[in-house]
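The values are calculated or read from the model by the stated rules, or taken from the named source; none is laboratory data. Source: prediction; values computed, not measured. Cβ placement follows ideal geometry from the backbone for every residue including glycine, while neighbour counts extend to all protein chains displayed. Note: areas computed on protein heavy atoms with side chains; ligands, DNA, RNA excluded. Shrake-Rupley method; radii C 1.70, N 1.55, O 1.52, S 1.80 Å.
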Amino acid sequence: MTDPTTDNAGQSRDAGTARASLEALRAEIAKAVVGQDPAVTGLVVALLCRGHVLLEGVPGVAKTLLVRALASALELDTKRIQFTPDLMPSDVTGSLVYDTRTAEFSFQPGPVFTNLLLADEINRTPPKTQSSLLEAMEERQVTVDGTPRPLPEPFLVAATQNPVEYEGTYPLPEAQLDRFLLKLTIPLPSRQDEIDVLTRHASGFNPRDLRAAGVRPVAGPADLEAARAAVAKTTVSPEITAYVVDICRATRESPSLTLGVSPRGATALLATSRAWAWLTGRDYVIPDDLKALALPTLRHRIQLRPEAEMEGVTADSVINAILTHVPVPR
C-alpha cells in the first residue's frame, strides 16, 4: 500500500521544482530580452491557465524575440505567422493536398500546429482569417473537411498588434478579444535598458541566434504539467470569489464604459490570480493577487464611451479607479 505521506511529499517536491524552474525563466530570457519581466510573467501565467496572450506595443520593442526566447527556455516548438490582408484561413490551419502518387487527399498541417504560435500583427488580416484562430484557441483543435485534429499540448497563441498605426487594419471584435486571457502592453525601454540593448548589439549579440546568446532550456512541459496541477489546488475563499464578482460588476455600472467585464472575464481573473498566487509561493489567493492581475486580465474586456475617450480616460484608469473604490475583503 502506498504511503500517503510519501506521495504528498513527492507531489510537493514536484511542485516546488516546477516553481523554481519557472522562476528561472526570467533570468534565462533576460539573456536575450532586456527589461520585460512583467511580460515574461504574464506569458507564464497564461501557460499555467491554458490561456492566450495579446501583446501590444510599437514596432521594435522585442515582442517577437520575447516569444522566441520563451520557447527556447521552455524547450517548446514555436512558429510565426505574419498576418497580412491576403492571408487565407488555410494558411493558418493547414489544408487538404492532393497526392498524385496515391490519388488521395492528405492533410498538410499549418503553422498553428505548434506549442507557441506567434500571430504577428493579427489586426492586419481580415476577420475571416482572424476567426480561423478562434477554434484553435478555444477548442485546441482544428477542423478541416469535417475532421477534428487536436493541437499539441501545451498550446499558446501570442498575438501582437501595433497600438498607434491603424491604417489598413481590421480591429479585433470584442467577442474575439474576450478569447485572450491577458492583454500585455510592451512599453518602450527605460534609458538604462536601451543602453544595455545597444551595448549587447555592439558586443555581437544576434537576436536570430539565441543559443549563441546563452539561452538554454531551464523548464519544460513536465514542469508546466506539475505547476498546473499545483495551481488547481490553490485555495480560493468565498470572500475572494465575492471580491472578483464585485470588481467585474463595478465595470458594468461604470459611467465611463459602454461594455463591462463578462462572467468569462470574472473567471479569467480568478484563474490568473490563482496562478500568480502559486508563482509567488502561496497555496491560497489574497486580494493583492487580484489587484496584480486585474489590468492585464480585464483591460481588453471593457469598452470606453467615446466622450470618456475624448476626455483622456483609459481602460487602465477605469480599472484602477474601480480597484480603489470596491471594498477589499479582510
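Using amide H atoms built 1.01 Å from N in the peptide plane, name the residues 5+ places from Arg149, or on other chains, whose amide H lies under 5 Å from its own.
Excluding prolines and chain starts, which carry no amide H, the hits are Val142, Thr143, Val144.
Quick one: which of 119-126, 89-96 comes out on top by average Cβ neighbours within 10 Å, and what's the full order, highest first?
Result, highest mean Cβ count within 10 Å first: 119-126, 89-96.
Along Cα→Cβ, 7 Å out, is where each label goes; now give me the distance between the ones at Leu177 and Thr199 in nm to one decimal.
3.9
Select from Leu259, Leu184, Leu54 the residue whose mean-square fluctuation is largest in a Gaussian network model of the chain (Cα-Cα springs shorter than 10 Å).
Among Leu259, Leu184, Leu54, the largest mean-square fluctuation in the Gaussian network model of the chain belongs to Leu259.
Could you run the Karplus curve 6.51 cos²θ - 1.76 cosθ + 1.60 with θ = phi - 60° over region 141-152 and give me ³J(HN,Hα) per residue in whole Hz, x for Gly and Pro?
With the stated coefficients, region 141-152 comes to 7, 10, 10, 10, 6, x, 10, x, 10, x, 8, x Hz.
Under 18 Å Cα to Cα from Lys79, which lysines show up? Leave out anything in the same chain fewer than 8 places away.
Lys63
Would you work out which of Thr147, Leu117, Ala103 lies farthest towards the positive end of the dipole of region 101-171, given +1 charges on the beta-carbon of Lys and Arg and -1 on that of Asp and Glu, about the Cα centre?
It is Ala103, whose Cα lies furthest towards the positive end.
Sorted by average packing, counted as other Cβ atoms within 10 angstrom per residue and highest first, what order do 223-232, 290-299 take?
290-299, 223-232
Between Ser95 and residues 5 or more places away or on another chain, which pairs have amide H atoms under 5 Å apart, with H built 1.01 Å from N, and which residues are they?
Those qualifying (amide H under 5 Å, at least 5 residues apart or on another chain) are Gln108, Gly110.
Please give the per residue accessible area of the chain, computed with a probe of 1.4 Å over protein heavy atoms only, in Å².
Each residue of the chain exposes 49 Å² on average to a 1.4 Å probe.
Given a cut-off of under 8 Å on Cα pairs at least six residues apart, what relative contact order in percent is computed for region 107-207?
32
Hey, got the dipole for the chain? About the Cα centre, +1 on K and R Cβ, -1 on D and E Cβ, debye to the nearest 20?
360
Run the helix sum for the chain: -39,500 (n - 2.57) per DSSP H stretch of 4+ residues, divided by residue count, reported at 222 nm to the nearest 500 deg cm²/dmol.
-14500 deg cm²/dmol
So for the chain, taking the charge dipole from beta-carbon charges (+1 Lys/Arg, -1 Asp/Glu), which of Thr258, Leu55, Ala27 sits furthest toward the positive end?
Farthest towards the positive pole: Ala27.
In debye, nearest 20: dipole of region 180-330 around its Cα centre with unit charges on the Cβ of K, R (+) and D, E (-)?
With only Lys, Arg, Asp and Glu charged at Cβ, the dipole is about 380 debye.
Please report the spacing between the Cα centers of region 63-141 and region 180-228 in Å, no decimals.
Between the Cα centre of region 63-141 and that of region 180-228, the gap is 22 Å.
Could you give each residue of region 264-274 its phi-based ³J(HN,Hα) in whole Hz, using Karplus coefficients 6.51, -1.76, 1.60 with θ = phi - 60°, and x for Gly or Pro?
4, x, 5, 4, 5, 5, 5, 5, 5, 5, 5
Mind checking which lysines have their Cα closer than 24 Å to the Cα of Lys291? Skip sequence neighbours fewer than 8 apart in that chain.
Answer for Lys291, where 24 Å is the Cα cut-off: Lys183, Lys233, listed by chain and number.
Can you list the HN-Hα couplings for region 277-290, worked out from phi with the Karplus curve (6.51, -1.76, 1.60; θ = phi - 60°), rounded to whole Hz and with x for Gly and Pro?
4, 5, 4, 8, x, 10, 9, 8, 9, 10, x, 4, 5, 5
Of all DSSP beta bridges located in the chain, what percent are antiparallel, nearest 5?
40
In debye, nearest 20: dipole of region 27-87 around its Cα centre with unit charges on the Cβ of K, R (+) and D, E (-)?
Rounded to the nearest 20 debye, it is 40 debye.
Quick check on region 197-330: take the gyration tensor over C-alpha atoms, sort the square-rooted eigenvalues as a ≥ b ≥ c, and tell me if it's rounded (a/c under 1.5), prolate or oblate.
oblate
Summarise the accessible area of region 183-330 (1.4 Å probe, protein heavy atoms) by the percent that is carbon and sulfur.
Carbon and sulfur together cover 55 percent of it.
Once amide H atoms are built 1.01 Å from N in the peptide plane, which residues 5 or more positions from Gly57, or in another chain, come under 5 Å H to H?
Gln161, Ile186
Got the relative contact order for the chain handy, in percent, Cα pairs under 8 Å and 6 or more residues apart?
21
Given the options Thr160, Leu295, Ser131, identify the residue whose Cα lies farthest towards the positive end of the charge dipole of the chain (+1 on Cβ of Lys, Arg; -1 on Cβ of Asp, Glu).
Ranked along the dipole, the leading option is Leu295.
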